[in-house]
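Since the structure comes first, as structure tokens, the remarks are kept for the end.
The values are calculated or read from the model by the stated rules, or taken from the named source; none is laboratory data. Keep in mind the model is a prediction, meaning the values are calculated, not measured. Glycine also receives a Cβ, built like all others from the backbone with ideal geometry; neighbour counts cover every protein chain displayed.
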Amino acid sequence: MPPARLPNALIYLSSLLRPRLLRPDLYVPTIANVDFRRLRQEKGFNAVVVDKDNCVTLPNEDGVYPPFKDAWTDLLAAFPPGRVLVVSNSAGTRKDPGAIAAEAVSYSLRTPVLLHTQPKPGCSPSILSYFRGELGDPTTLRSRIREQAQKEIAEEKEDERMLLDKWRSAVEGPILGPLVDENGEPVRPNERSEKEDRWERDGVEGKEGGQRHLPDVPRKRGDAEVTLRKGRDDVPKDKAGGEREINEGTSGIGHNAVESSQPLKIIVVGDRLFTDTLLAHRLRLHMTRDASSQDVISIATTQLPRPNDVRLLRWIENVLSRRRVREGPTDWGRYILRHEPETAVTPEGLRARIWRRLVPVWLREPSPMTRHPRSWPVPVLLGTARGVVRTTAFIFRYTMVGARWIWARAKRRIEQRRTGAKVAVVAPEVEQTKAKIA
């Protein structure tokens, strides 16, 4: 019997009681430092669950972070289409009404995005259902709109044909004679011309009852080419027969994961221990009921583009996990790619590196100030600090200027007094010398 689907609060509580659950199998700087091809070839991993924010993209953005573009392309090429699944706690959840953000992320990242009602780490059953092919083909808003358009066009075409048949039966008779085509041949009411058949076959809008057809639009994903088309019969129905909202599934450009003859082995990649590492633990329990299983591994990324979000939670994660990895028989460090620097270190590059090391990101790249009160403290703090620094620098600068001016005047007065004292001492001697000479 698989473990129960627990709420996230209980999962977090279990990690507080057992901090070892927060230890990933591997720490890497970014996804560019993981050799996914070797992991698939040597260890048999055939699926990847990857986080979006701060792992592939910047927070609240859809496109791949530019330094990660090549690494993301290599990751997609290392696995079959549909085997790389993006699971985010922003796109594809209740925070994303209508799955609009999930569709945009899927279009930008060229891979499916999981639609789940329970955020990570409690969505492990939905992830397993996807990789086992139980959620059906990925759907997008474009495909739903296109299906509805095809349905409306089919109904309109049927109405036009019924009106045409009714008109033919009304006008055909002994007075007007039978209907004839362009060549003068009689046409039966239910017979279609060769031109109408050609119009329908080619998907071109006809002039006289020809079918208007929306051709299938192929979408590319990697080297494969798939068509985003799904019948209306596949849309879930409620008890009354009407369509109901899809609350779990996938949104993506690409086809669904194909069931493999090999056992499912998953790599979970993310930057959060409370979500991604615990998600890997829940997947192990649901798959093998063994927390020490090596069929699911967790990889934590450490070099984050914007680490200023939930800084307190990240600190708590590091304290509880002690920055250690999960114990096991496999040395996952062998699958780390260590990139050599492309260019020599210049003084400018060294200064920039020291600047990045000493100054935190939230000071180097502060978030813009918006109308939301939560965005006010950091910009206000930085603005106040800049004002204090500039005021202090202004006071110090002109204090030094005034001090130098006062010192110059005092020095001049001292020299004048010394010169006057010498004159006063020499004057009597001069007078005595003059008297003797006289």
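Return the residues of region 24-38 that are within 23 Å of the chain's Cα centre (by Cα) and part of a helix (DSSP H, G or I); say none if nothing qualifies.
We begin by selecting, within region 24-38, every residue within 23 Å of the chain's Cα centre (by Cα); these are 24-37.
Correct list: Ile31, Ala32, Asn33, Phe36, Arg37.
Of all the residues that make up region 273-308, how many are hydrophobic (A, V, I, L, M, F, W, C) and assigned to a loop (DSSP other than H, G, I, E, B)?
Within region 273-308, residues that are hydrophobic (A, V, I, L, M, F, W, C) and assigned to a loop (DSSP other than H, G, I, E, B) number 2.
When you scan region 158-175, do you find a residue that is modelled with pLDDT of 65 or more and either surrounded by 17 or more Cβ atoms within 10 Å (Cβ to Cβ) or small (Gly, Ala, Ser) (or both), even just one?
yes
Test of understanding: among Gly82, Gly92, Gly98, which residue is of a type in the set (Gly, Ala, Ser) and not in a loop (DSSP other than H, G, I, E, B)?
Gly98
Report whether or not Leu21 is surrounded by 21 or more Cβ atoms within 10 Å (Cβ to Cβ) and assigned to a helix (DSSP H, G or I).
Considered against the rule, which asks whether it is surrounded by 21 or more Cβ atoms within 10 Å (Cβ to Cβ) and assigned to a helix (DSSP H, G or I), Leu21 comes out as yes.
Considering only residues that are in contact with a Leu (Cβ under 7 Å, 6 or more places away or on another chain) and either surrounded by fewer than 16 Cβ atoms within 10 Å (Cβ to Cβ) or among the basic types (Lys, Arg) (or both), which ones fall in region 289-307?
Ala291, Arg306
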